[in-house]
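Written below as structure tokens is the structure these notes are about.
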Amino acid sequence: MGTKFLTSPQGSSMQSMLRVVLFGNTGADKNNVIKSMLIGENLTGEKNGLCTLYKSERAGRRISVVEAPGWHGHSQQTPENIKEEITRSVLLCPPGPHALLLVIPVKTLSEEPSVGEMNAAEMHMELLSERVWKHSIVLFACDEGVEETTIRKHVQSAEKILEKCGGRSHVLQTSACGSQTQISELFQKIDSLVEESRGDVFIPQAYYELIQKKTLEASGATELRQRRGSLQHNPPNCEYYFTKPTADLSHTLIY
């Protein structure tokens, strides 16, 4: 995609521009995650419909983060306008986001998410198509003081989703703008995802279908040109039909 790369102190490559979209239910506290990522207590974003776009710089990198609207807990009966905004969120960072973060809240003394909540998360993510998992990381956003056993229960509850996205996950303390060590590790995981994808971004479904259509049309045109070329080099023996006796020709046409 013509993206420039920087070199991290560890020697791995990282993109000079990074685009991320955050998804999650209404209790996911995505705003605190964004503040932690972009180091800004007073960070303000640009509203675009029901989505919010944040832009900042971190360690010489330009970072764009889109916050998609949330859905209600385990409900799959989300209003159509919310679904449309979730789908539209990936259009706000063209040509497409490098990573999609599904934020799952881990609250103090909370029980693990229900099957309904996980099914709702899966359904809302797949509004973007099943290709979404190739670019996704599950982010467990924890309140301060959450016990390890609580985190493990949440991870176990998200097992099906984790399988879909290749096991990519991260645990982040969102209080006090989060641990900078955890934030650095999150960016490293995003960079690893980008490397696995060979720099490819998530292409919004409408564009993806258009590209597929154009590719098929180009493939069909190429095949047609090849057939025409074959006919030019090996033309059918039309003289055979013009010189053959009429009775024989009729017999040939019948059979």
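Residue-by-condition table, conditions (1) out of contact with any His (no Cβ under 8 Å at 6 or more places or on another chain); (2) among the β-branched types (Val, Ile, Thr); (3) within 22 Å of Leu193 (Cβ to Cβ):
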{"site": "Leu50", "(1), (2), (3)": "yes, no, no"}
{"site": "Arg61", "(1), (2), (3)": "yes, no, yes"}
{"site": "Thr87", "(1), (2), (3)": "yes, yes, yes"}
{"site": "Leu92", "(1), (2), (3)": "yes, no, yes"}
{"site": "Met118", "(1), (2), (3)": "yes, no, yes"}
Practice problem: Evaluate the stretch 170-190: report whether one residue or more is surrounded by 14 or more Cβ atoms within 10 Å (Cβ to Cβ), more than 22 Å from Asn32 (Cα to Cα) and in contact with a helix residue (DSSP H, G or I) (Cβ under 9 Å, 6 or more places away or on another chain). | Solution: no
Practice problem: Report, ordered by the first and then the second residue, all pairs with beta carbons closer than 6 Å, sequence separation of six or more or different chains, a first member in the stretch 110-131 that is in the same structural domain as Ile86 (by TED's automatic domain parsing) and of a type in the set (D, E, K, R), and a second member that is at pLDDT below 95 and assigned to a loop (DSSP other than H, G, I, E, B). | Solution: Glu117/Gly73; Glu117/His74
Quiz item: Lys55 fails exactly one of the following numbered conditions: (1) farther than 22 Å from Ser179 by Cβ; (2) modelled with pLDDT under 95; (3) not in a strand (DSSP E or B). What is the number of that condition?
Solution: (3)
Quiz prompt | Selection count where residues are more than 17 Å from Pro204 (Cα to Cα) and either touching a Lys or Arg at 6+ places or on another chain (Cβ under 9 Å) or crowded, with 16+ Cβ neighbours inside 10 Å (or both), scope the stretch 70-100 | solution = 3
Quiz item: How many of the residues making up the stretch 41-57 are surrounded by 13 or more Cβ atoms within 10 Å (Cβ to Cβ) and free of Cβ contacts under 8 Å to residues at least 24 places away in the same chain?
Solution: 6
Quiz prompt | Qualifying position, being crowded, with 18+ Cβ neighbours inside 10 Å and either among the hydrophobic types (A, V, I, L, M, F, W, C) or assigned by TED's automatic domain parsing to the domain that holds Asn31 (or both), among Val138, Val155 | solution = Val138
Practice problem: Taking Ala120 as meeting all but one of (1) of a type in the set (Gly, Ala, Ser); (2) under 18 Å from Ile183 (Cα atoms); (3) not in a loop (DSSP other than H, G, I, E, B), write down the number of the exception. | Solution: (2)
Practice problem: State all residues of the stretch 59-87 that are among the charged types (D, E, K, R) and either in contact (Cβ under 8 Å) with a residue 40 or more places away in the chain or touching a Gly at 6+ places or on another chain (Cβ under 7 Å) (or both); if no residue qualifies, say none. | Solution: Arg61, Arg62, Glu67, Lys83, Glu85
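The values are calculated or read from the model by the stated rules, or taken from the named source; none is laboratory data. Please read all numbers here as calculations on a predicted model, not as lab measurements. Note: ideal-geometry Cβ built from the backbone for every residue, glycine included; neighbour counts use all protein chains shown.
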